[in-house]
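FYI, it's all coordinate maths here, none of it is from the lab. Nothing here was measured: the structure is a model prediction, and the numbers come from that model. All Cβ positions, even for glycine, are placed from backbone atoms using ideal geometry, and neighbour counts span all protein chains on display.
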Amino acid sequence: MGLPNWFDHVRGTFVEQLSPLFGAKDFTALQVGAYVGHASEWLLAFLLTDEGSRLDDVDTWLGSDEAEHQALDFTEVEREYRERLKHWLALGQVSAFKMTSDDFFRMACPVEEYDFIYIDGDHRSHQVLRDAINADAGLKHGGILAFDDYSWSAGTGVDADQPKLAIDAFLATFGRYYEVLHEGQQVWLRKH
């Protein structure tokens, strides 16, 4: 069984929102939730092409209790990630932090460091909200903050099991500091 490529569903939004920044000098990106590295590979191939640019990926590579994850072998998921990105990992252009996003933001995330932060990790609303608030501190002014799975449902009927509640709460609280660039399956924001 091959591992699903969920990035293909949002690739067009990445191109639309990030193509004006292709090749930017010393561009820094953070991705919360790296999975097998499809988005990472795309970012490194198209956006982070300057030798001073870098990507930090944060993932536990343990999966979650989401139905989609139950059939996946996360040892294989991590192996595929490392194989897919081995060139960039060897160059030091991407760093893989095998930890929770809470641990990363507490221990390793500098303030106003990143030009782009993509949140696609733990989908429970309380964690998405924590990731968003922590990402705000790590994002440069003028930087882009993107959330995946705005319209995704865990299928449990519980709002707290999906990102939308958290993204809406973040926008209600921090919205005056951001410009909405895109809203659909994903939400993309630019920090003032």
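Assorted remarks:
- Cross-linked pairs LYS164/LYS191; LYS98/LYS191; LYS25/LYS191; LYS25/LYS98: Cα-Cα separations exceed 24 Å for LYS98/LYS191; LYS25/LYS98.
- Applying 1/(1 + (r/R0)^6) with R0 = 35 Å to the Cβ-Cβ distance of HIS141 and LYS86 gives a FRET efficiency near 0.55.
- Within the chain, helix-based [θ] at 222 nm, where runs of 4 or more DSSP H residues each add -39,500 (n - 2.57), nearest 500: -9500 deg cm²/dmol
- Beta bridges assigned by DSSP with both partners in the chain are antiparallel in approximately 30 percent of cases.
- SER95 long-range amide H proximity, modeled H, under 5 Å: LEU55, ASP56, ASP57
- Computed lengthening from HIS126 to VAL180, 0.36 nm per intervening residue step minus Cα-Cα distance: 17.3 nm
- In plain terms, the residue of HIS9, HIS123 with the fewest other Cβ atoms within 10 Å comes first and the most crowded comes last, giving HIS9, HIS123.
- Shown for VAL111, VAL15: other C-beta atoms within 10 Å of each C-beta, ranked fewest to most, produce the order VAL111, VAL15.
- Cα gyration tensor shape of the stretch 1-120, rounded if a/c is under 1.5, else prolate or oblate by comparing a/b with b/c: prolate
- Cβ-derived FRET efficiency at R0 25 Å, SER95 paired with THR75, nearest 0.05: 0.75
- Rounded, prolate or oblate (a/c below 1.5 giving rounded, otherwise prolate when a/b exceeds b/c) for the stretch 131-192 by Cα gyration tensor: prolate
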